[in-house]
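First comes the structure, then the notes that go with it.
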Ligand SMILES: [Zn+2]
């Protein structure tokens, strides 16, 4: 377990504090605290690996506080982490929807087999909803 305070020392020259940085990060990004904490941790790990976040701030903001490049690196990282999380979540939803469609299709095929046995027209031929689901599935598959 390393000491965040000790790592932060170099950036506290203008009176900035570790808590102040975390609070600013939460307020300025408005992202979930897990995302903010992950970004904070990742950048502090880079500080621990002797990476320096020096003025002028690479983001081009033109601010001159010693702690600004560190904070802005954390903000950029938090946004990146959040974008990845949002993309991963969208994929989970999409996979779940595909699975639901596959299950619905299996169910409809089973119903069709039953109907054929009973000498009725298959559901896919009779029902526009069933046709729609099959069409949608084949489009996305
Ligand atoms: Zn900046």
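The values are calculated or read from the model by the stated rules, or taken from the named source; none is laboratory data. In this text, all values refer to a predicted model and were calculated from it rather than measured experimentally. Here Cβ is always computed from backbone atoms with ideal geometry, including for glycine, and neighbour counts include all displayed protein chains.
Structure notes:
- Helices (runs of 4 or more DSSP H) contained in the range 30-141 and holding at least 2 residues modelled with pLDDT of 95 or more: 33-48, 68-117
- Of everything listed in (1) more than 11 Å from residue 74 (Cβ to Cβ); (2) touching a helix residue (DSSP H, G or I) at 6+ places or on another chain (Cβ under 8 Å); (3) assigned to a loop (DSSP other than H, G, I, E, B), the single unmet condition for residue 13 is (2).
- Look at the range 54-71: where a residue is on the phi > 0 side of the Ramachandran plot and a partner is more than 8 Å from the ligand (Cβ to nearest atom), sitting 6+ places away or on another chain with Cβ atoms under 8 Å, you get 62/56.
- Flag: residue 14 matches the condition of being exposed (fewer than 13 other Cβ atoms within 10 Å of the Cβ), on the phi < 0 side of the Ramachandran plot and touching a residue at least 24 places away in the same chain (Cβ under 8 Å).
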